[in-house]
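Working notes, structure below.
Read-outs throughout are calculated quantities, based only on the coordinates presented, and are distinct from any laboratory measurement. Just so you know, these numbers come straight off a predicted model, no measurement behind them. Neighbour counts run over all protein chains shown; Cβ positions are idealised from the backbone, glycine included.
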Amino acid sequence: MDSVELFFNGVSQGMQDINHKNGKEPFGYWQIEYHKGEIKAVAYDEDGNIVAEEVKKSFGDPTKIILVPETEKYGNLYFIQIMTADKDGTLVENARNYITIKVTGDAELVGTDNGDSSDYDEYKSKDGIIHSRRLFSNRLLAIVRAKSENSTFEVTAASKDLPNASIRYSDKKWCGVSSDSSIKPEIDFVPTRKIEIIADGATKMNKDNLSIKVTAKVLPSNATLKEVNWNPVLKECVKSDYISVNDLEKKEEGSGIETKLIQAEADGECILRLTARNGTQLDEIISDLPFSVTGLGTKNLNTYELIEAIRYTNWDQTKTKPPITRESGISTNDIGDTWISFDKVDFGKDGSDTIHIPIFTWNSPLKLEIFDGNGIDGECLGKFTYEHEPVYNVYSENIFTLTRRIFGVQTVTIRLIQGCDFLGFYMDKSPKAFAKLRALDANLITGDSFKKTEEAVEGIGNNVVIDFTDMNFGEKTATKITICGKSNTENNTINIKFLDKNGGSTTQIIEFAHTDAYEEKTFELQPVTGEKEVDFVFLPGCNFDFKWFKFE
């Protein structure tokens, strides 16, 4: 076979070359919108001659069980394929019904299997007569052993809400018989086989198409559990915020039909993924509907949740692009020293300086660096050593403290100096009001005389005000303040002004006596609560170097 062509309801969807010699293109791939009908694959040799055809048709819910014995037997072993078909006789390719198999006569049921490696149900019947297993992709195999070559026996299959089906082996041949209706299904459970998704509008969204209704329909209609989980995800299977899922109407209990409103939120391509678990711990049924959003702008990344490594927006382009690995991480094992950047990381008004980094590596200890900005030309916020006893294929965290607190929306770069599997990062959330804040972190500095250095605001003199906004003390009362500073005169009087949102204010005064170098001093305060703006006011005659402070 040299090429393959796909026809969808009689219309060609194009031809694709197949390369079996080196495996680069071993099969054709098409993605088309679902409509009922049929698809037909036609294979051609290198001269364009048709060498094979295969047709698949749309199907409905199962209405009957089909038993197909294999024509060859192996000794006294007989193999019977069990399937379901819809009202038109078309095989229901994704059926998952539980089937009860019973063997009567001069034979025994010695095994069943469905090809599902995740199915841990018993392979063998306990009594050699009856056993129940689930279809997998509409297939189940029953293995029957006859007691002699001249044995006569019947195989009957039963499933909830379906008529029984039976076949008989007699006179060394198979024949159909009236089904034994006395045999009842052992398992009173019908698994979901499919979630049908119906979109009431275009899934390419923009400012003129901000929302559409999407309906989920659970099949078969008699499925026992009809709960569906709705999750917008990226193609890498992590949560997406490009669209949101909103309740629209209360679904009719037991109907298996539910409609929700899908709202466009930010630019990007994602998938609306609907899943069902059939009473298990994992998703067994997955249905996807692709979405794209343009014209709304991009969203910030919430740094107080795990930002998965696959969300990186730039990388060291002198090296190989880091590939995706387990759990939405990336691997740098074949790259070595490299860096990745994350744009629009939102630290909020409170900010943070404590970062969690989960890594799996055999190279512990491992060196890494963190930068404010795109690439490693920005400000280095810390050079760290990751250390953890490796647990195979398990990400383990280290927690590091940055050289300063980061506020607002920033770009973060992480340099991984040795190869590892990197899952991502997240920050500790803590109130700014009780954090260790540098004088340089002030929202505004005004006055006649001051100088910003790498670590402090120095030479603070006449009428300088260092202003910090968004200082929410909440109900946790601040009664102390520790200041790291250097008093260049006999005494510096610092007025700490607390301003309320309603325009009220209070002032507390501290005296910072002369020091020859930076020192940390703690001062008692009258209790401070609620949301404040905090101003450090320096009056004429001051000469002070201010490094950091912290309320307690």
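Residue 327: net charge of surrounding residues, Cβ under 11 Å, Lys/Arg +1, Asp/Glu -1, itself excluded? Overall, the nearby charge balance is -2. Taken one residue at a time, the phi angles of region 342-358 give Karplus couplings (6.51, -1.76, 1.60, θ = phi - 60°) of 10, 7, 6, 8, 9, 8, x, 6, 6, x, 7, 9, 10, 10, 9, 10, x Hz. Gly and Pro are set to x.
Counting other C-beta atoms within 10 Å, and keeping those with at most 11, which DSSP coil trypsin sites (Lys or Arg not before Pro) do you find in region 221-307? Provide the component values of the computation, followed by the final result.
Values: sites: 226, 235, 239, 250, 251, 260, 273, 277, 299; in loops: 226, 235, 250, 251, 277, 299.
Here the trypsin sites (Lys or Arg not before Pro) that fit, given the DSSP loop and packing criteria, are 250.
The candidate values were (1) 3, 13, 17, 19, 18, 15, 9, 4, 1, 0; (2) 3, 17, 27, 25, 16, 8, 3, 0, 0; (3) 3, 13, 15, 17, 17, 12, 8, 7, 5, 2, 1, 0; the one computed from these coordinates for P(r) over Cα pairs in 10 Å bins from 0, in percent carries the label (3).
The residues neighbouring residue 88, those whose beta-carbon lies less than 13 Å from its own, together hold a net charge of +1 under the Lys/Arg +1, Asp/Glu -1 convention. Contact order, relative form, for region 437-551: 40 percent (alpha carbon pairs under 8 Å, 6 or more residues apart, mean separation divided by residue count).
Extending 7 Å from the Cα toward the beta-carbon at both residue 207 and residue 126 defines two label points whose distance is 6.8 nm.
Which distance in Å, rounded to a whole number, links the C-alpha centroids of region 17-71 and region 242-302? Region 17-71 and region 242-302 have Cα centres spaced 30 Å from each other. Listed by chain and number, the lysines whose C-alpha is less than 24 Å from the C-alpha of residue 57, apart from same-chain residues fewer than 8 away, are 36, 40, 87, 194, 217. Between region 138-191 and region 445-514, the alpha-carbon centres lie 86 Å apart.
Karplus-derived 3J(HN,Hα) values for region 476-487, using 6.51 cos²θ - 1.76 cosθ + 1.60 with θ = phi - 60°, are 7, 7, 8, 10, 9, 9, 9, 10, 9, x, 9, 8 Hz; glycine and proline are entered as x.
Among the GluC sites (Glu not before Pro) within region 11-103, those in coil by DSSP and having at most 11 neighbouring Cβ atoms inside 10 Å are 33, 46, 72. Candidates 530, 201, 492 compared by Cα position along the dipole of the chain: farthest toward the positive end lies 201, with charges placed on Cβ. Averaging the sequence gap over all C-alpha pairs within less than 8 Å and six or more residues apart, then dividing by the number of residues, gives region 194-293 a relative contact order of 32 percent.
How big is the charge dipole of the chain about its Cα centre, in debye rounded to the nearest 20, if each Lys and Arg gets +1 on its Cβ and each Asp and Glu gets -1 on its Cβ?
Its charge dipole is roughly 1020 debye.
As a proxy for reagent exposure, 133, 168 were ordered by neighbouring Cβ count within 10 angstrom, fewest first; the result is 168, 133.
Computed over neighbours whose Cβ is under 14 Å from that of residue 408, the net charge equals -2, Lys and Arg +1, Asp and Glu -1. Go ahead and run the numbers for FRET between residue 33 and residue 188, Cβ-Cβ distance against an R0 of 41 Å, rounding to 0.05. In this case the efficiency is close to 0.65. For the chain, the relative contact order works out to 8 percent when only alpha carbon pairs closer than 8 Å and six or more residues apart are counted. With neighbour counts taken as other beta-carbon atoms within 10 Å, the residues 35, 131, 356 rank, fewest first, as 35, 356, 131. For region 280-288, putting each phi into the Karplus relation 6.51 cos²θ - 1.76 cosθ + 1.60 with θ = phi - 60° gives couplings of 9, 8, 10, 5, 9, 10, 10, 10, 10 Hz, in residue order, rounded to whole numbers and with x for Gly and Pro.
Sparsely packed loop sites in region 96-180 (the chymotrypsin sites (Phe, Trp or Tyr not before Pro) outside DSSP H, G, I, E and B with at most 15 other Cβ atoms within 10 Å) comprise 120, 123.
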